[in-house]
Every structure is written in C-alpha cells, then in structure tokens.
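K.L.:
Quick one: this structure, given as structure tokens, is what I'll be asking you about.
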Amino acid sequence: DVKVTQSSRYLVKRTGEKVFLECVQDMDHENMFWYRQDPGLGLRLIYFSYDVKMKEKGDIPEGYSVSREKKERFSLILESASTNQTSMYLCASRWAGNSGANVLTFGAGSRLTVL
Amino acid sequence: AQSVTQPDIHITVSEGASLELRCNYSYGATPYLFWYVQSPGQGLQLLLKYFSGDTLVQGIKGFEAEFKRSQSSFNLRKPSVHWSDAAEYFCVSGGGSEKLVFGKGTKLTVNP
C-alpha cells in the first residue's frame, strides 16, 4: 500500500513563528498536494507539485510556500504563522499519468493551532 | 468552471437504515468522479471511483454509486448503515484538469 506520512499530527505554534509541515510518500508518485481543511469549507488546495523542484499555486497560496527537493518529500512552509492559519493540513500524492483519473492517497493530517 | 455540490451538510440515519448521499457536478464532458471518506481525525480514504463504462460502481465497505449524466449526479448509496460508517464523505471531480475539485462534504451521524 502507498503510504503518505505527515510527521507531525498536532502542532501548537505562536503567531509569527516559522512552521514546517513535512510530508513523505513511499511509492514514487510524481504529483504531491497540500490541502487545508476547515469546517464548512471542505478541502482547499494550497500548492501542488507535478514533480521534483516543480510547484504551482493552488486556490489559497497566500501566506504559504512549499519545497520539493526530493521526489518523496513535499514540505509546506508558513513563513510567519498567523491565527487564521489554524487548521487541519492534509498532504496527498498520486501517479502523474492520466492524472485527472488517478486516485489521491492522503496522509493522516496535521492539525496546526496558532496562538 | 468545474464545480461539485453536496447539498446536504449533515445527515443523520439510524443504524440499519439505507443511506443516500447526493452529489452534483458541473463539467462539460464526462468527469472522473470519486467518493472519499474521512473518519474523525484522519485523512481521506477512497471509497470508489467512476471513469467510464458501467454507471453503477461498487466500492469498499458495501458502498455503491451511480453516475447519471442526465442529472449530472453521482450519488453514494449503502443499503444498511453500520455505526462505523459515521464519518464525513466527500465527492470529488477530476476531469480535464490536473487539479481535483472537492465538494464541501457531508457529515454522517449514525444513531444506534
């Protein structure tokens, strides 16, 4: 089974801190995604990456950046955390070929609280 | 623009009752359609998917969904709900774009 591992399940940070959320997948997937999940809003795409060193903005990229130096790892960075970034963050990956048809595999999520 | 609508934010059913969760999509061609389930505090897990062919698709945990082009719908069904089915369910469309479009989810509560 494909595994997508998010190293931090729960984080508590202070306003203005730099936050790193790490995601690692073990099945050589080209595409990786970061979503944010908030009650009533569903999942919103922050950034995605087609492949190593490639990234593209999603629907809500403001206040976030990403890094994909290795194929298996996709990091989400909050340069200066704010309280409105308190949320559940979900990482996902999939094969690239015929990508619209490919199944996303999700990590368990990282719940971030910014005080 | 592509969109997915789940009209029901919250549904409550009794254990053993049948279930239908509604999903409507907006897309010019036939989209790729998925249903995912999210148990509390967890990531999303694929229940089933539709790409083409037979419009009734079977998934895991006894779920099925039917694609109806004329109604732009992809409703999820289960004949008899178990308490462990309590979760949030997401309908997702994936046609024509690298990015997927998620519905806002339907939270299912199961009463004993």
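The values are calculated or read from the model by the stated rules, or taken from the named source; none is laboratory data. Computed from a prediction, not measured in an experiment: that's the story for all the values here. Note that we place each Cβ from the backbone using ideal geometry, even for glycine, and neighbour counts take in every protein chain shown. These accessible areas exclude ligands, DNA and RNA; they are computed on the full protein's heavy atoms, side chains included. Shrake-Rupley method; radii C 1.70, N 1.55, O 1.52, S 1.80 Å.
K.L.:
Only one residue in B:Gln42, B:Gln38 is of a type outside the set (Lys, Arg), touching a residue at least 40 places away in the same chain (Cβ under 8 Å) and within 24 Å of A:Ser93 (Cβ to Cβ), so which one is that?
P.N.:
B:Gln38
Listed here are the residues, each with its yes/no results for (1) surrounded by fewer than 17 Cβ atoms within 10 Å (Cβ to Cβ); (2) hydroxyl-bearing (Ser, Thr, Tyr).
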| residue | (1), (2) |
| --- | --- |
| B:Asp8 | yes, no |
| B:Thr12 | yes, yes |
| B:Gly62 | yes, no |
| B:Ser73 | no, yes |
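K.L.:
Among the residues in the range B:36-51, are any open to solvent by 40 Å² or more (accessible area, probe 1.4 Å) and away from chain A (no Cβ under 11 Å)?
P.N.:
No, the range B:36-51 has no match at all.
K.L.:
Does the range A:19-69 hold any residues that are facing chain B (nearest Cβ under 9 Å), in a loop (DSSP other than H, G, I, E, B) and touching a residue at least 24 places away in the same chain (Cβ under 8 Å), and which are they?
P.N.:
Correct list: A:Tyr50, A:Gly58.
K.L.:
Now, a different point. Within the range A:1-27, can you find the residues that are of a type in the set (A, V, I, L, M) and within 12 Å of A:Phe106 (Cα to Cα)?
P.N.:
Our first condition is that a residue be of a type in the set (A, V, I, L, M); within the range A:1-27, this holds for A:2, A:4, A:11-12, A:19, A:21, A:24, A:27.
A:Val2, A:Val4, A:Val24 - these are the residues of the range A:1-27 that are of a type in the set (A, V, I, L, M) and within 12 Å of A:Phe106 (Cα to Cα).
K.L.:
When you go through A:Leu76, A:Leu43 one by one, which is the residue that is touching a Phe, Trp or Tyr at 6+ places or on another chain (Cβ under 8 Å) and either among the acidic types (Asp, Glu) or within 25 Å of B:Leu48 (Cβ to Cβ) (or both)?
P.N.:
A:Leu43
Each row is one residue, and each column tells you yes or no for (1) hydrophobic (A, V, I, L, M, F, W, C); (2) farther than 26 Å from A:Asp28 by Cα.
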position	(1), (2)
A:Gly40	no, yes
A:Asp51	no, no
A:Lys70	no, no
A:Asn84	no, yes
A:Ser87	no, yes
A:Leu90	yes, no
A:Arg94	no, no
A:Val103	yes, no
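K.L.:
Being of a type in the set (D, E, K, R) and within 14 Å of another protein chain (Cβ to nearest Cβ): is that true of B:Lys107 here?
P.N.:
In short, yes.
K.L.:
Do you know which residues across the range A:70-115 are among the hydroxyl-bearing types (Ser, Thr, Tyr), more than 10 Å from chain B (Cβ to nearest Cβ) and open to solvent by 20 Å² or more (accessible area, probe 1.4 Å)?
P.N.:
A:Ser80, A:Ser82, A:Thr83, A:Thr86, A:Thr113
K.L.:
Looking at (1) over 24 Å from A:Gln37 (Cα atoms); (2) surrounded by 14 or more Cβ atoms within 10 Å (Cβ to Cβ); (3) of a type outside the set (A, V, I, L, M, F, W, C), which is the only condition B:Lys68 fails?
P.N.:
Only one criterion in (1) over 24 Å from A:Gln37 (Cα atoms); (2) surrounded by 14 or more Cβ atoms within 10 Å (Cβ to Cβ); (3) of a type outside the set (A, V, I, L, M, F, W, C) is unmet by B:Lys68, namely (2).
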